[in-house]
Amino acid sequence: MRPLSDAHPELEIIDNLPLFIEYRVYNCSLTKDGSNRLRRRYGVSLRDVSHFSVSIYIWTVLHYPLVGGLLLVMLAHAMCTQLLWESLVVLPDLGLQIETARGISMPFFTQPLFTSRAFIPLEDIHDILINEGLHRWSWYYYLAIFQRPSSFKRNQLDLKLRLAFKDILPPLAVLRIVYHNARQILFHNVQTRGA
């Protein structure tokens, strides 16, 4: 494991290269004091504490246990499904795996509870690229993987677009690192085998 602490501390590269290499981007932001330290986005905020207090008040004082219980369940759901990190796992000669981890995030405890994974086989990857999109008045860059239809639908010409890091949207410099390394690992082996 090696985080890029100087340039991009939100990116962590987990390198086990004969088997895989994982590019993990954490859901965090940099501190505003210029020290280039990370500030994780924790689940407990003043808003959460106030919701919890109102729920307890409704439950005990006003004797509406159904409403108070419903508010507590909604608060627990919001705290347990926070986005922790997204990652792109490059498996040489096999393909790519896109992962998203959601769970509990507190200052002293971070635990993924739900992980979603999508595997894209190497023969189905048409291309990997960095694209830019416009949302309201902001530009966003994202890493896109063009996926061919599976082998039994090869006569169709439509490509499927899969996005890596679609919820966190890391900066362009992080996407460039992931893009160049992923292309070099995946397609360099294909070119040398085909020659």
Could you please find all residues in segment 138-147 being out of contact with any helix residue (DSSP H, G or I) (no Cβ under 8 Å at 6 or more places or on another chain) and either modelled with pLDDT of 95 or more or not hydroxyl-bearing (Ser, Thr, Tyr) (or both)? 139, 144, 145, 146
Residue count, segment 148-193 (criterion: modelled with pLDDT under 90 and assigned to a helix (DSSP H, G or I)): 10
Looking only at segment 87-117, and only at residues there that are touching a Lys or Arg at 6+ places or on another chain (Cβ under 7 Å) and under 15 Å from residue 23 (Cβ atoms), the one that is surrounded by the most Cβ atoms within 10 Å (Cβ to Cβ): 87
Which residues, taken from segment 100-125, are out of contact with any Leu (no Cβ under 6 Å at 6 or more places or on another chain) and free of Cβ contacts under 8 Å to residues at least 40 places away in the same chain? 108, 109, 111, 113, 114, 115, 116, 117, 119, 121, 123, 124
Could you check segment 68-86 and list, in sequence order, the residues that are of a type in the set (A, V, I, L, M) and surrounded by 13 or more Cβ atoms within 10 Å (Cβ to Cβ)? 70, 71, 72, 75, 78, 79, 83, 84
Report the residue count in segment 8-58 for those that are within 20 Å of the chain's Cα centre (by Cα), over 13 Å from residue 85 (Cβ atoms) and modelled with pLDDT under 65. 6
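The values are calculated or read from the model by the stated rules, or taken from the named source; none is laboratory data. A quick note: this is a predicted structure, and the numbers were derived from the prediction, not measured. Note that we place each Cβ from the backbone using ideal geometry, even for glycine, and neighbour counts take in every protein chain shown.
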